[in-house]
1. Has region 31-38 got any residue that is closer than 20 Å to GLN234 by Cα and of a type in the set (Ser, Thr, Tyr)?
2. Would it be correct to say that PRO258 is crowded, with 16+ Cβ neighbours inside 10 Å and more than 18 Å from the chain's Cα centre (by Cα)?
3. Does ARG332 satisfy being at pLDDT below 90 and not in a helix (DSSP H, G or I)?
4. Going by the structure shown, is LEU306 over 28 Å from ARG396 (Cα atoms), out of contact with any Cys (no Cβ under 9 Å at 6 or more places or on another chain) and surrounded by 19 or more Cβ atoms within 10 Å (Cβ to Cβ)?
5. In region 122-169, which residues are β-branched (Val, Ile, Thr), under 22 Å from HIS180 (Cα atoms) and more than 16 Å from the chain's Cα centre (by Cα)?
6. Within the set of pairs 6 or more residues apart or between chains, which connect a residue that is over 14 Å from GLY13 (Cβ atoms) inside region 121-139 to a residue that is surrounded by 20 or more Cβ atoms within 10 Å (Cβ to Cβ) and among the charged types (D, E, K, R) with Cβ atoms less than 9 Å apart?
7. Exactly one of these conditions fails for GLN129: (1) at pLDDT below 90; (2) under 19 Å from TYR24 (Cα atoms); (3) not aliphatic (A, V, I, L, M). Give me its number.
8. Are any residues in region 27-67 farther than 18 Å from LEU168 by Cβ and free of Cβ contacts under 8 Å to residues at least 40 places away in the same chain, and if so, which ones?
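The values are calculated or read from the model by the stated rules, or taken from the named source; none is laboratory data. Computed from a predicted model, the values in this text were never measured in an experiment. Please note: Cβ atoms are built from the backbone with ideal geometry, for glycine as well, and neighbour counts cover all protein chains shown.
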Amino acid sequence: MTAHPRLLIAALGCAQIVSWGTLYYGFSLFVLPMASELGWSLTRMNGALSLGLLVAGACAYPVGAFIDRHGGRALMTAGSIAAALLLIVWSQVTTWIAFYLVWFALGACLAAVLYEPVFVVLTQLFGAQARRAITALTLIAGFASTVMVPAIELLLGHIHWRSVLLVLALLNLVVCVPVHGLLLPRSPPAHATPAAAPDLARTVLHAHLRNPVFWGLALWFTAYAGTGTGLIFQLVPYLKAQGVETALMLGAIALIGPSQVAGRLLLMGLGERADLVVVGAITTSAMPLAVVILALAPPTAPWLALFACLYGAANGVTTILRGAVPPEWLGRDEIGRVMGALGAPMLIVSALAPLAAAALWSATGSGTLMLAAIAAFACVGMGGFWWAALHQLRARRSDRRVA
């Protein structure tokens, strides 16, 4: 390892704040100033982000396979450099075709620098101790929206949006590139499971594809991603449609971030004592419950606060589980490929869920019906978790009998 573990995790967390803030959370802040200047519709502009997420999903598996064989340094460094260059190109666009081309390329950057690749890197570096490292990383990175959204909004209030994009490009160059290029090892460490030959790697993946635990996790993580993006992109319009005052609405939304951090802190405090089956059971139940509360309870401060706390805590803990559960339940062999295979449908559904939720609301005229569909999707994810957990427990009992 090229850096002290705590320094490495702190630095990677800061890089994640910049990557998430500049490449994902900041997108919505540029929509209105760009639409005002260029005359593009909001639907057309949001389609660019959906395109980027679809490309990220398509790139997830090859990114994981590359990290299995070569480690994360080269890929994540290249991803951060490319992201900076593409933000510069974005600052110069004048046509929507150029804008979509930029986001087509940025989709590959998303796959190379966000959570999934860094989870694989931490699993390679820390092995059986990766859960604590992943928890610490997500605890830091969980402040991405809290830090970057107000910072970008402040910049947009003082300088032109094109200049703000240049500032974000500079952040990627001065924060992310050095972290990925200097602190990550050149190749997977010696104690990590060595990358298998191509034929053996395919054999390992095919074995996972016959494992019901894999398919349960895939269903859980994919439904979780669709629930999150389907809900969060419609949350403000829904609350406005319910007549919620702006101050109350913003206060409820502001609770989500601290609730994410609280959930992660609790999990960090429990450490290895936390049984992943128990933690997953709680979080997968909390997610649909939060959506049901939003849909059926009166939009008053106590109920909105309860929704925000449940949703935020469940979302924060599930992010950790995305990185911790696959290596513990499926093993660490070819973990990059496994994470890529699990991440691809997540990113694709993340791109499509907001469009599907908006279309359902538009077609039915009922925000409550839209939330009911989202809650049902969350229940599908809960079912996927229990399918995986039951088969994992069965395998654990079988191993004990053999021992």
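1. The answer is no; no qualifying residue exists.
2. On the way: crowded, with 16+ Cβ neighbours inside 10 Å: yes; more than 18 Å from the chain's Cα centre (by Cα): no.
So PRO258 does not fit the description; no.
3. On the way: at pLDDT below 90: yes; not in a helix (DSSP H, G or I): yes.
Yes: the conditions hold for ARG332.
4. Details: over 28 Å from ARG396 (Cα atoms): yes; out of contact with any Cys (no Cβ under 9 Å at 6 or more places or on another chain): yes; surrounded by 19 or more Cβ atoms within 10 Å (Cβ to Cβ): no.
So LEU306 does not fit the description; no.
5. First pass over region 122-169, keeping only residues β-branched (Val, Ile, Thr): 123, 134-135, 138, 140, 146-147, 149, 152, 159, 164, 167.
If we keep only those that are under 22 Å from HIS180 (Cα atoms) too, we end up with 123, 134-135, 138, 140, 147, 167.
Selection gives THR123, VAL147, VAL167.
6. Final answer for the pair search is GLN124/ASP68.
7. Tallying (1) at pLDDT below 90; (2) under 19 Å from TYR24 (Cα atoms); (3) not aliphatic (A, V, I, L, M), GLN129 fails exactly one: (2).
8. Of everything in region 27-67, those that are farther than 18 Å from LEU168 by Cβ and free of Cβ contacts under 8 Å to residues at least 40 places away in the same chain turn out to be ALA35, SER36, GLY39, SER41, LEU42, THR43.
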